[in-house]
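Read through the structure below, which is laid out as structure tokens, and then see the notes.
The values are calculated or read from the model by the stated rules, or taken from the named source; none is laboratory data. Being a predicted model, the structure only gives us computed values, none of them experimental. Note that each Cβ is placed from the backbone with ideal geometry, even for glycine, and that neighbours are counted across all protein chains shown. To get the accessible areas, we keep the full protein, side chains included, count just its heavy atoms, and leave off ligands, DNA and RNA. Shrake-Rupley method; radii C 1.70, N 1.55, O 1.52, S 1.80 Å.
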Amino acid sequence: MPESPTSSPTLRPAADWQRLLRVALLGTRQSPDELPAVPGFALPDPTPEHREKHALLTAGVLSTIRKAGYQPIVAAASLAAVAPPETQADLGPNGTQLLQQLLEGQYPELLPEFLSALADNQRRAPHQLLVLLLEHARSRPALHRAAAAVLGQRGAWLAAQNPAWQALLAASEQATEETAWETGTIGQRALYLEALRRREPAHARELLAAVLPQEPARHQAQLLATLQSQLSSDDTPLLEQYLTAKSKEVRQTVMPLLVRLPDAPLVEQLWQRAEPLVRLKTGLLSKKLLVELPATDWDKTWLLDGIEQKDGRFQGEKAAVLGQLLSLIPPRRWADHWHLTPAKILDRAADTEWAALLLTAWAEAAVLHQDATWAEALLEWFYEQPRKQLSTLPTAGLAQLLPPGRLTSVVLPLLNATPHLHPEVRWLPLLQLVPAPWPEHLTHRVVEVLRDTLSKPAELYRIQYAAGQLLEYMARVVPAAQYRLCAEPLQPLLQDVPYLHNSVVRLLNTLHFRQQLAEVLLE
């Protein structure tokens with residue numbers, strides 16, 4: 001009889017693993033099952049703990065075998081398409097180094113300006129800095145559009161792969177990805193709508209009209225505000241639907257847009273209410289304004305004209321009604337009606353008991369209707385001498401309406417009339433609203449005043465804060481080409497201005513850094 005071959009264990013990793021689990025769960029001494037045998041694996045010598053050692057060692061061996069034979073899951077989705085070829089040149093090595101310094105936190109106030117300059121010069125961020133740029137801009141919405149403009153093809157492709165970076169694409173001028181509109185945050189949706197509004201205003205309005213009824217009031221206000229771009233009479237029906245919305249925030253978003261529409265019928269309704277309340281009385285030798293408050297108290301019919309019961313800018317219910325009326329009507333309507341210049345109207349308003357109300361309301365109206373003539377008249381009237389009637393003015397909004405040259409011409413006479421720096425000097429807040437780039441004659445005059453003031457050690461402690469703020473602002477608005485204009489008068493003073501030493505050094509260093517940024521654009 002032939003000898004039967006010796007039976008050897010067969011490797012069955014899945015089945016053996018399940019059997020080993022049953023033994024482990026019941027306990028090696030309680031389970032009746034045999035422990036699995038692994039081919040080629042030597043069992044330990046019999047001992048009192050033989051079965052426990054056998055179980056643990058077999059578990060280790062089977063686990064290694066299972067891992068060695070693991071088949072990775074095949075991706076169901078196809079790989080994303082590769083980025084298309086770049087169409088713009090990137091920065092050179094020096095420019096790359098400077099951009100990296102900006103992204104790492106040096107001179108952060110210069111980054112938006114440099115990104116805009118890159119885009120204007122048809123240059124893009126280098127590939128090695130794309131992740132750093134996307135991460136830096138991700139949590140800074142103000143940078144989204146400027147950063148998106150310099151991503152290039154690969155940067156745009158990269159941003160599309162990460163949901164955290166896709167907000168930048170939604171803010172770009174080329175944004176076409178409607179998923180941002182359908183599934184993005186309210187901020188991303190508003191950015192998408194703003195970009196679409198610039199390209200296709202009618203399509204943007206249709207999208208907005210379709211979703212507004214389902215949106216909460218806060219979102220309605222934010223989305224409706226996007227209509228201020230490319231505003232036209234075609235937007236009237238949609239805006240009028242929300243003029244009497246339950247939410248005050250929505251009403252106050254819609255009202256300024258409605259009164260800015262060309263030939264807005266609402267402005268005529270407001271004029272009919274306001275004109276009898278503010279009249280010009282003409283005498284033989286003079287003219288004066290007569291102001292009355294509305295005869296009746298506010299009721300809900302005022303809402304149809306966009307007038308709220310209360311307004312924090314004006315004290316008293318009837319005063320709030322009059323103030324809102326005046327702040328919504330284009331101010332040039334009064335100049336045309338009375339045949340007076342804005343300056344003469346302001347003088348007569350200052351003589352009334354309602355001077356603060358009239359001047360505040362007309363300043364707000366000038367900002368709302370982008371009236372540069374009234375803005376210049378208000379700034380000149382307010383800053384030429386101290387005014388008791390008006391403690392505050394929307395100065396920043398008015399200054400933005402003037403071309404830089406006109407604003408400079410308003411500031412320089414004030415500066416020449418009081419050519420020294422101290423915290424209460426009237427030209428200082430207005431000077432710090434003159435945008436970049438400052439003209440050379442303005443920089444020259446301001447540096448002269450700074451040099452004269454810093455040369456007086458007794459003044460340094462008193463002007464420390466005001467001068468520090470001015471030097472910081474100058475670092476952003478003085479053109480880099482005017483570095484020598486600042487350096488030559490101010491550098492010799494560095495050892496004598498202990499309170500302002502760092503501010504002066506930072507101004508000069510920033511101007512020098514900006515010079516380098518300008519040079520690398522041509523690299």
TODO: Answer yes or no: is there a residue in the range 158-170 that is under 19 Å from the mean Cα position of the chain (by Cα), surrounded by fewer than 22 Cβ atoms within 10 Å (Cβ to Cβ) and within 18 Å of Pro85 (Cα to Cα).
DONE: no
- [ ] State yes or no: is Ala372 free of Cβ contacts under 8 Å to residues at least 60 places away in the same chain and farther than 27 Å from Ala245 by Cβ?
- [x] yes
Task: Residue ID - least open to solvent (accessible area, probe 1.4 Å), chosen from residues in the range 420-470 that are closer than 28 Å to Ala377 by Cβ and among the polar types (S, T, N, Q) - done: Thr443
TODO: Would you be able to say whether some residue in the range 322-335 is closer than 18 Å to Val367 by Cα and out of contact with any helix residue (DSSP H, G or I) (no Cβ under 9 Å at 6 or more places or on another chain)?
DONE: no
Task: Leu143 closer than 27 Å to Pro437 by Cβ and open to solvent by less than 20 Å² (accessible area, probe 1.4 Å) - done: yes
Open item on the list: Here is a check on your reading of the model: is Val425 modelled with pLDDT of 95 or more and outside any helix (DSSP H, G or I)?
Closed with: no
- [ ] Among the residues of the range 284-327, count how many are open to solvent by 20 Å² or more (accessible area, probe 1.4 Å), in a loop (DSSP other than H, G, I, E, B) and more than 21 Å from Thr352 (Cβ to Cβ).
- [x] 7
TODO: Output yes when any residue across the range 213-222 is open to solvent by 70 Å² or more (accessible area, probe 1.4 Å), in a helix (DSSP H, G or I), touching a residue at least 24 places away in the same chain (Cβ under 8 Å) and of a type outside the set (Lys, Arg), and no when none is.
DONE: yes
- [ ] Tell me, yes or no, whether the range 489-504 has at least one residue that is open to solvent by 20 Å² or more (accessible area, probe 1.4 Å) and within 29 Å of Gly397 (Cβ to Cβ).
- [x] yes
Open item on the list: Among the numbered criteria (1) touching a Lys or Arg at 6+ places or on another chain (Cβ under 8 Å); (2) open to solvent by 60 Å² or more (accessible area, probe 1.4 Å), which one does Ala417 miss?
Closed with: (1)
Task: Among (1) farther than 30 Å from Val259 by Cα; (2) assigned to a helix (DSSP H, G or I); (3) under 26 Å from the mean Cα position of the chain (by Cα) - the single one Asn416 does not satisfy - done: (3)
Task: Where Glu380 falls short, out of the listed (1) of a type outside the set (Gly, Ala, Ser); (2) under 27 Å from Val259 (Cα atoms); (3) not in a helix (DSSP H, G or I) - done: (3)
Task: the range 195-212: number of residues that are surrounded by fewer than 20 Cβ atoms within 10 Å (Cβ to Cβ), within 23 Å of Ala149 (Cα to Cα) and touching a helix residue (DSSP H, G or I) at 6+ places or on another chain (Cβ under 6 Å) - done: 0
Task: Cross-chain or 6+ apart pairs with Cβ under 8 Å, the range 451-470 first and within 17 Å of Leu494 (Cβ to Cβ) and at pLDDT below 90, then among the charged types (D, E, K, R) and surrounded by fewer than 16 Cβ atoms within 10 Å (Cβ to Cβ) - done: Leu454/Asp496; Ser455/Asp496; Pro457/Asp496
Open item on the list: Against the condition among the β-branched types (Val, Ile, Thr) and assigned to a helix (DSSP H, G or I), how does Ile345 come out, does it pass?
Closed with: yes
